[in-house]
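The values are calculated or read from the model by the stated rules, or taken from the named source; none is laboratory data. Quick caveat, the model's predicted, so the values are computed rather than measured. Here Cβ is always computed from backbone atoms with ideal geometry, including for glycine, and neighbour counts include all displayed protein chains.
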């Protein structure tokens, strides 16, 4: 099943300016929470969201998967973007926006791979596990049946995982409430009959 979606994962710590966890954010690793974004946003907006989140929480990573064929990731710390990655870059169309956005010249792919994998390894110091640059590079060079597998493998190097489920929608919550509501609700407040 091909998916097109985005996630943001962020570190929670005592020093975080994000004082309370987002209610929809689930645990994705020791001291980390994550959410699946409801709407797919342009990569520059995802970058802004991740950088703003990292400024408040010390560290964040945003991931986008397009039709299970190509993935984009931005890792950021309080100082801004640390690395921009393209998963399955070799399968992207030449001149694709995602390659340009991440600053990849496919003629210099090996050099970019070295820089990006080293940057991710350094950025991962705030993750539950520190990623090895050689293993990150292997993921960047490898082809996958589905890009989600590359995302899962990359996050696994850092002791992180994707959020298991997106939070329930308001419609889901309303349906659950109605299903569990008493048969004869009491009329209160605005629903009281006015006295004449």
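Annotations for the structure displayed:
- Flag if residue 131 is crowded, with 16+ Cβ neighbours inside 10 Å, in a loop (DSSP other than H, G, I, E, B) and either modelled with pLDDT of 90 or more or touching a helix residue (DSSP H, G or I) at 6+ places or on another chain (Cβ under 8 Å) (or both): yes
- Residue 25 meets all of the listed conditions (1) at pLDDT below 90; (2) within 19 Å of residue 136 (Cα to Cα); (3) under 12 Å from the mean Cα position of the chain (by Cα) but one, namely (2).
- Qualifying residue in the stretch 155-169 (condition: modelled with pLDDT under 90 and outside any loop (DSSP other than H, G, I, E, B)): no
- When the stretch 105-141 is filtered for residues that are within 23 Å of residue 42 (Cβ to Cβ) and in contact with a strand residue (DSSP E or B) (Cβ under 6 Å, 6 or more places away or on another chain), the ones remaining, listed by number, are 116, 119, 120, 123.
- Check on residue 27, exposed (fewer than 15 other Cβ atoms within 10 Å of the Cβ) and closer than 17 Å to residue 160 by Cα: yes
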